[in-house]
Amino acid sequence: MLKAYTDINLLEKYPKAEKFPLINALLFDEQRQFLELKKYYTLVDNVDEGEVALLPFSWNYYRLHHLEAEAERFIEKCHAKNLKVLTYISGDQGVTPTNKEVYVFRNSGYKSKKLANQISFPAFFKDPLQHYIEPKNHQIRIKKAKPVIGFVGQATPNLLKAAKDIGLIVYRNLKFRLGKSLLEPQQWFAAPFMRYKYLKRLEKHPEIETNIIYRERYRAGIRKNRSIDKTTYEFYENINDSDYIFNLRGAGNFSVRLYQTLALGRIPVLIDTDCLLPLEGIIDWTQHCIRIPQGKEHEMEQRLLEFHRNLTQETFEEIQKANRKLWEEYLTLTSFFARIHDLIRNGEL
């Protein structure tokens, strides 16, 4: 068990602050979902007892509330005791840490701009096989001659929306350059428009079977919880009823859908927009998804067909099982931070 130091007084001083996910899981697990994490970590409030340190809040919170000095004091205190400090950036855009001598966990970001100690971590969500898909309805897919690729989500040919999406990115980037915003600059990218473009290509290919539901707006524009549940069921049913799932970034340079696909044991087709994937030194992502590199998007259909044709029924089944196992053992909140525990213990982090 690893003793993780954090400042409990700060957690009490700023109760509404956005907390490091591991702290949330260890201290505020009201539904007792993360009890297994306590086999790996215990929080301590004395820096002399700590073996590693957790900066209590996200860098977004420190920077947006002008509390950088508070963060720096915590980091200096920990570094004086030779403790590694784990920190966290939230959100689609993210902010730049004021201290580069810490480990930074985040979902989004660009591989080409990766900080020296930046660690990609997955999106966390409820197990769809416990909450949305009946186990009896979740079967290993039988390989057909044509690959079945699915997608449910926001994808539209609306050029006005595409122009607005890009205009908003340009505006945010300009604000950052002028010192009026802390949100990091993003590549110009109209995700719903680009998704529509790629999905239509897949639909037109005679050797590919598609299972696509287009949404004009995120979650079909629905906001009420009951209706959101309905769209979530539809979303997971679509994954369950497909062999492959199309994945392309959203507002941030990452895809939650990638992890949701793995959780249901299906195979992601990822348009790689300079993405950072979790545990790349440990996970061989080429064994779990079709990753289309930036600049090779025109090869999407060919790569999908070649991948599918080279599979036997046995290997097709094995990948499905391996993808579900990957999510369970490496990409849930508990399993991911268990792997981080092992890396720290082994001196690899």
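What follows is calculated from the coordinates using simple rules that are stated; it is not laboratory data. This one's a predicted model, so the numbers in the text were calculated from it and none came from an experiment. Please note: Cβ atoms are built from the backbone with ideal geometry, for glycine as well, and neighbour counts cover all protein chains shown.
Please build a GNM for the chain, connecting alpha carbons under 10 Å apart, and tell me which residue among R106, R73, R141 fluctuates the most. The residue that fluctuates most here is R73. Tell me, Kirkwood radius of region 287-349 from alpha-carbon pair distances, in Å? Roughly 14.2 Å, rounded to one decimal. Taking the longest Cα principal axis of the chain as reference, the axis of helix 191-204 is set at about 30 degrees.
With +1 assigned to the C-beta of every Lys and Arg and -1 to the C-beta of every Asp and Glu, and no other charges, what is the dipole magnitude of the chain about the Cα centre in debye, to the nearest 20?
Values: 53 positive and 44 negative charges, 246 e Å.
Dipole magnitude for the chain comes out near 1180 debye.
When the alpha carbon gyration tensor of the chain is reduced to an equivalent ellipsoid, its three semi-axes come out at 36, 25, 19 angstrom, largest first.
Counting pairs of Cα atoms in region 128-330, how many percent are more than 20 Å apart? Present the calculation step by step, with values, prior to reporting the outcome.
Details: 12214 of 20503 pairs.
Across region 128-330, Cα pairs with separations above 20 Å total 60 percent.
Indicate, rounded to the nearest 5 percent, the antiparallel portion of the DSSP beta bridges found entirely in the chain.
Values: 1 of 31 bridges.
Restricted to the chain, the bridges split so that about 5 percent are antiparallel.
Return one number: the angle in degrees, 0 to 90 and rounded to the nearest 10, between the long axis of the Cα atoms of helix 68-79 and the longest principal axis of the Cα atoms of the chain. Between the helix axis and the principal axis of the chain, the angle is about 80 degrees.
Note on the chain: with a GNM built from Cα contacts shorter than 10 Å, the maximum mean-square fluctuation among Y110, Y62, Y14 falls on Y14. Rg over Rh for region 27-97 works out to 1.01, both radii taken from alpha-carbon positions and Rh defined as the Kirkwood radius. The ellipsoid that matches the Cα gyration tensor of region 128-208 has semi-axes, each √(5λ) in whole angstrom, of 37, 20, 10, with the longest given first. Axis angle, to the nearest 10 degrees, between helix 225-240 and the longest C-alpha principal axis of the chain: 60 degrees. Our helix-only sum for the chain, with -39,500 (n - 2.57) per DSSP H run of n ≥ 4 divided by its residues, gives a mean residue ellipticity at 222 nm of -11000 deg cm²/dmol.
Extending 7 Å from the Cα toward the beta-carbon at both K146 and K38 defines two label points whose distance is 5.3 nm.
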